[in-house]
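**Q** Sharing a structure here in structure tokens format.
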Amino acid sequence: MKRALIFLAITFGITYAYDFAVVYPIAQGTAPYGSEFLSPQLAYVAAVALTMFFPALGVVLTRLVTREGFRNCVLKPRPWRQSLPWFAVAWFGPLLFVIAGAAVYFLVFPGDFDPGMTAFFAAQREAAAASGVGTEALASLDASAANPALFVLILLGQCAIAPALNLLPAFGEEWGWRGYLVPKVAARLSVVPTMLITGVIWGLWHAPAVALGHNYGTGYAGEPWTGIAMMCLWCIVLGIFLSYVTFRTGSTFAAAIGHGAVNGATNGAVLFSLTGGNPFVGPLCTGFVGGAPLLALAALLLWDMRRREKAGTLRFPEAGLPDGVRKGSAS
């Protein structure tokens with residue numbers, strides 16, 4: 001567990017220092033960021049996105065500082081006959097539970113359902129007109145509004161390729177969490193506390209961004225602690241899914257694919273909401289109602305991992321070397 005603690009100290013230290021020194025000033029408009037090239041919002045998004053690489057940096061530094069080397073990096077998948085179906089689950093599963101979560105939300109709140117995305121297109125046209133875009137851009141937007149079915153097909157196509165587009169930054173996170181921390185903790189604890197502890201840790205790692213309004217916005221009761229607590233809960237649930245596909249494939253790339261798919265598909269559900277929804281409720285899968293299918297899936301996967309653990313067939317990939325063993329001294 002010593003190496004896991006060193007990894008956490010490095011990763012949290014780098015992330016929190018960067019958040020408070022770089023991300024917060026950009027968010028508050030007190031830091032230069034190349035405004036001639038980037039809008040304030042784009043600069044903020046880019047600054048937050050960069051933090052996704054810090055867990056991978058934490059792995060590299062931990063392996064170097066502890067002289068662990070780069071053995072057992074949880075990268076190479078098991079034979080393709082075993083792992084390929086689970087890579088497919090990682091790729092397409094998030095899109096399915098995002099759609100299912102949106103369906104559950106709109107069944108519970110049918111008055112918020114906007115099948116033609118009229119509220120979304122109206123807001124987009126208003127924003128485009130205010131920014132002074134050309135008539136061709138407005139005409140293209142009007143054409144999309146007139147044919148929402150085609151727009152939905154394009155949106156689904158974008159979601160389908162999102163895992164590939166998001167693979168690099170998602171891997172930056174997942175090599176740290178599912179490719180290092182989870183196997184280290186799982187070597188000492190049973191699967192249920194491993195999922196709970198690592199999920200909370202992952203959620204707390206997001207805390208500075210959540211406090212700025214990332215994921216759950218601002219102005220809600222108990223801000224920012226309610227949002228941070230909700231983020232921890234969501235990270236436990238999503239972490240179970242990402243850990244499961246890692247366990248079944250033996251590769252962090254499965255978790256990175258799943259993470260990238262979630263990032264690419266999640267926000268699509270809100271386009272069909274008249275009100276924009278509520279991040280604590282839905283239609284996004286970050287809410288209690290919109291996230292119900294993911295919660296049910298995570299419960300099933302955790303039950304299966306616990307069942308396999310009792311049977312002695314649960315084998316998380318080994319990450320690095322045991323504590324006290326250095327590169328060159330392991331047999």
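**Q** Do we have residue 307 as of a type in the set (D, E, K, R) and without any contact (Cβ under 8 Å) to a residue 12 or more places away in the chain here?
**A** yes
**Q** Same structure, new question: Where in the range 118-211 are there helices (runs of 4 or more DSSP H), lying wholly inside it, with at least 2 residues that are at pLDDT 95 or above and surrounded by 20 or more Cβ atoms within 10 Å (Cβ to Cβ)?
**A** Qualifying helices (runs of 4 or more DSSP H): 167-176, 182-186, 191-205, 207-211.
**Q** Continuing with this model, one more query. Among the helices (runs of 4 or more DSSP H) contained in the range 1-79, which hold 3 or more residues that are at pLDDT 90 or above? Can you show your working first?
**A** Values: elements: 2-18, 24-27, 40-50, 54-65.
Because the criterion is at least 3 residues that are at pLDDT 90 or above, the helices (runs of 4 or more DSSP H) in the range 1-79 that meet it are 2-18, 40-50, 54-65.
Condition check ((1) surrounded by 19 or more Cβ atoms within 10 Å (Cβ to Cβ); (2) in contact with a Gly (Cβ under 6 Å, 6 or more places away or on another chain); (3) farther than 30 Å from residue 84 by Cβ) across all residues:
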site	(1), (2), (3)
234	yes, no, no
277	yes, no, yes
304	no, no, no
308	no, no, no
312	no, no, no
317	yes, yes, no
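**Q** May I ask you to verify whether residue 50 is under 18 Å from the mean Cα position of the chain (by Cα), of a type in the set (A, V, I, L, M, F, W, C) and farther than 28 Å from residue 184 by Cβ?
**A** Here the answer is no, as residue 50 does not meet what is asked.
**Q** When you check residue 53 against the structure, is it out of contact with any Lys or Arg (no Cβ under 6 Å at 6 or more places or on another chain) and within 16 Å of residue 259 (Cβ to Cβ), yes or no?
**A** yes
**Q** Tell me, yes or no, whether the range 66-83 has at least one residue that is of a type in the set (S, T, N, Q) and either more than 23 Å from residue 174 (Cα to Cα) or in contact with a Phe, Trp or Tyr (Cβ under 8 Å, 6 or more places away or on another chain) (or both).
**A** Within the range 66-83, the first condition is being of a type in the set (S, T, N, Q), and the residues that meet it are 66, 72, 82-83.
Subset that is either more than 23 Å from residue 174 (Cα to Cα) or in contact with a Phe, Trp or Tyr (Cβ under 8 Å, 6 or more places away or on another chain) (or both): none.
Checked against the condition, which is being of a type in the set (S, T, N, Q) and either more than 23 Å from residue 174 (Cα to Cα) or in contact with a Phe, Trp or Tyr (Cβ under 8 Å, 6 or more places away or on another chain) (or both), the range 66-83 yields no hits at all.
Condition check ((1) assigned to a helix (DSSP H, G or I); (2) touching a Leu at 6+ places or on another chain (Cβ under 6 Å); (3) at pLDDT below 95) across all residues:
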{"site": "253", "(1), (2), (3)": "yes, no, no"}
{"site": "265", "(1), (2), (3)": "yes, yes, yes"}
{"site": "269", "(1), (2), (3)": "yes, yes, yes"}
{"site": "275", "(1), (2), (3)": "no, no, yes"}
{"site": "298", "(1), (2), (3)": "yes, no, no"}
{"site": "309", "(1), (2), (3)": "yes, no, no"}
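**Q** Got at least one residue in the range 65-81 being closer than 30 Å to residue 212 by Cα, crowded, with 20+ Cβ neighbours inside 10 Å and acidic (Asp, Glu)? Spell out how you get there, then give the answer.
**A** Looking only at the range 65-81, we keep the residues that are closer than 30 Å to residue 212 by Cα, and these are none.
So far as the range 65-81 goes, no, none of its residues is closer than 30 Å to residue 212 by Cα, crowded, with 20+ Cβ neighbours inside 10 Å and acidic (Asp, Glu).
**Q** Return a yes/no flag: does the range 222-233 have any residue that is closer than 28 Å to residue 103 by Cβ and of a type in the set (Asp, Glu).
**A** no
**Q** So which residues in the range 310-323 are free of Cβ contacts under 8 Å to residues at least 12 places away in the same chain and not charged (D, E, K, R)? Explain how you work it out, then say what you get.
**A** Quick first cut of the range 310-323, residues free of Cβ contacts under 8 Å to residues at least 12 places away in the same chain only: 310-313.
Within the range 310-323, 311, 312, 313 meet the criteria.
**Q** Same structure again: Would the range 249-266 turn up any residue that is closer than 30 Å to residue 318 by Cβ, more than 18 Å from the chain's Cα centre (by Cα) and crowded, with 24+ Cβ neighbours inside 10 Å?
**A** Scanning the range 249-266, I find at least one residue that is closer than 30 Å to residue 318 by Cβ, more than 18 Å from the chain's Cα centre (by Cα) and crowded, with 24+ Cβ neighbours inside 10 Å, so the answer is yes.
**Q** Going by the structure shown, is residue 253 of a type outside the set (Asp, Glu) and either farther than 15 Å from residue 286 by Cβ or free of Cβ contacts under 8 Å to residues at least 40 places away in the same chain (or both)?
**A** yes
The values are calculated or read from the model by the stated rules, or taken from the named source; none is laboratory data. All of these numbers come straight from a predicted model, not from anything done at the bench. Don't worry about glycine lacking a Cβ; one is built from the backbone with ideal geometry, like all the others, and counts go over all protein chains shown.
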